[in-house]
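Here's the structure, in structure tokens; my notes come after.
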Amino acid sequence: MGKEEIQESEPLRIYLNEIGEIPLLDETEEKELGRRAGFGYIGKNTLLINNELGSYIFLGILVTDIEMNEYSIKSSGSCGECNICKNACPSGS
């Protein structure tokens, strides 16, 4: 489906309008999918952490009916002995 076909698709436009404000997954599921997709690891602060970007990443979901191949990328990293975010946490978590 090309860009023009998508723009002209009334059912798709209605669907996108209806789901616009409804989350498809909760935060925990999104982070776990991000980890499994190789975007990073879950840190002590429970955020998805990327080795290059830290936790400053935004996860999104693409809904499609296009058939895709499965793949697996191993994500590496961990907080190890680092406690910078834990020590800086105002609630003392």
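Using the Kirkwood radius built from alpha carbon pairs, what does the Stokes-Einstein equation give as D for the stretch 33-89 at 4 °C and 1.567 mPa s, in µm² per second?
Calculated translational D: 100 µm²/s.
Output wanted: per-residue J couplings in Hz (rounded whole) for the stretch 38-53, from phi through Karplus 6.51 cos²θ - 1.76 cosθ + 1.60, θ = phi - 60°, x for Gly and Pro.
With coefficients 6.51, -1.76 and 1.60, one gets x, 6, x, 10, 8, x, 4, 7, 6, 9, 7, 10, 9, 4, 9, 9 Hz.
No lab work stands behind these numbers, since they all come straight from the coordinates. Treat the numbers as computed from the prediction; the structure is a model and nothing was measured.
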